[in-house]
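**Student:** Quick one: the structure is below, questions incoming.
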Amino acid sequence: MRILSLTHGPLVGAELFGDVAREAGHDLVEWEIVSQGRPAENGFDAVMVFGGAMNVGEELANPWLHDEYDLLRGWVSSGTPLLGVCLGAQTLAYAAGARVVPAETRYAGFYETVLTDAGATDVVLGVLPRRFEALNANGYRFDVPERAVALAEGPVPQAYRLGERAWGVQFHPEVRREQVLAWWAEREELPRPLEELDAELAAKLPAWQELGRRLCRAFLAAASSTRPQRGRRSSG
């Protein structure tokens, strides 16, 4: 498959997901929309959209967000398999008409997360344990879109499926340790001291990364089995 990795900065790439995609023999096209502008909407068999320091509602400072919303609507409409992570899940939710707002607190670290009944049987999220600790690094949260199905719950909504081919996850299953520490080092406010968060990463990240690889493989398998014809866009 030819997969688009849509990113929002140098510290928020595909990381482990890129490794998994390449190891499976897929062609991964990395595109930073902030600096490179709008990518082509067509020509990809699947799309993964990753995190960023910016937020929904900051379109004046980040006018490319309007392009991203439009692209996401187009991919959902055309049936292109799509996975949004953190900011990517938030922009997807917003593009589908849901609220994206500041969270009650900033989340950093591992939080108990539970799959819903729909999540437990989902072809992507269902490969995860019914109950697990998920790595969050966010100050905003999404509401599950009206036309979507909630797949996982935590301190804030953690995952949903929009239609049959688009998924959004608030947690970060793609990360490397140095990457996460770089995010938190730039934050003025953290819920716990950085040293404590670092120790938690050292203890819990290896097992979390295995779940992340499992999730990525499940998405790629789902994308392979539901590949639409390139360039076609439904009227829905």
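**Student:** Does Leu190 satisfy the condition of being of a type in the set (A, V, I, L, M, F, W, C), surrounded by 12 or more Cβ atoms within 10 Å (Cβ to Cβ), at pLDDT below 95 and farther than 28 Å from Val144 by Cβ? Explain how you work it out, then say what you get.
**Tutor:** Values: of a type in the set (A, V, I, L, M, F, W, C): yes; surrounded by 12 or more Cβ atoms within 10 Å (Cβ to Cβ): yes; at pLDDT below 95: yes; farther than 28 Å from Val144 by Cβ: no.
In short, no.
**Student:** Out of all the residues in segment 50-69, which are outside any loop (DSSP other than H, G, I, E, B), farther than 23 Å from Leu16 by Cβ and either without any contact (Cβ under 8 Å) to a residue 24 or more places away in the chain or within 16 Å of the chain's Cα centre (by Cα) (or both)?
**Tutor:** First pass over segment 50-69, keeping only residues outside any loop (DSSP other than H, G, I, E, B): 64-69.
Imposing the further condition that a residue be farther than 23 Å from Leu16 by Cβ reduces the set to 64-67, 69.
Result: Leu65, His66, Tyr69.
Conditions tested, residue by residue: (1) among the hydroxyl-bearing types (Ser, Thr, Tyr); (2) in contact with a Phe, Trp or Tyr (Cβ under 6 Å, 6 or more places away or on another chain).
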{"residue": "Gly43", "(1), (2)": "no, no"}
{"residue": "Glu68", "(1), (2)": "no, no"}
{"residue": "Thr80", "(1), (2)": "yes, no"}
{"residue": "Val85", "(1), (2)": "no, yes"}
{"residue": "Leu92", "(1), (2)": "no, no"}
{"residue": "Ala95", "(1), (2)": "no, yes"}
{"residue": "Gly109", "(1), (2)": "no, no"}
{"residue": "Glu112", "(1), (2)": "no, no"}
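**Student:** Output the residues belonging to segment 96-151 that are closer than 24 Å to Ala221 by Cβ and touching a His at 6+ places or on another chain (Cβ under 7 Å).
**Tutor:** Correct list: Leu135 only.
**Student:** Please name all residue pairs, on different chains or six or more residues apart, with Cβ atoms under 9 Å, provided the first residue is in segment 180-198 and is over 19 Å from Tyr111 (Cβ atoms) and the second residue is surrounded by 12 or more Cβ atoms within 10 Å (Cβ to Cβ) and at pLDDT 90 or above.
**Tutor:** From segment 180-198, the pairs are Ala182/Leu11; Ala185/Leu194; Glu186/Leu11; Glu186/Ala53.
**Student:** Filter segment 11-31 for residues that are under 17 Å from Leu65 (Cα atoms) and out of contact with any strand residue (DSSP E or B) (no Cβ under 8 Å at 6 or more places or on another chain) and give the result.
**Tutor:** Listed by number, the list holds a single entry, Val12.
**Student:** Working only within segment 1-43, note down all residues that are in a helix (DSSP H, G or I) and of a type in the set (Val, Ile, Thr). Full working, then the answer.
**Tutor:** Looking only at segment 1-43, we keep the residues that are in a helix (DSSP H, G or I), and these are 16-23, 33-36.
Answer for segment 1-43, where residues must be in a helix (DSSP H, G or I) and of a type in the set (Val, Ile, Thr): Val20, Ile33, Val34.
The values are calculated or read from the model by the stated rules, or taken from the named source; none is laboratory data. Model, not experiment: these values are computed from the prediction. Note that each Cβ is placed from the backbone with ideal geometry, even for glycine, and that neighbours are counted across all protein chains shown.
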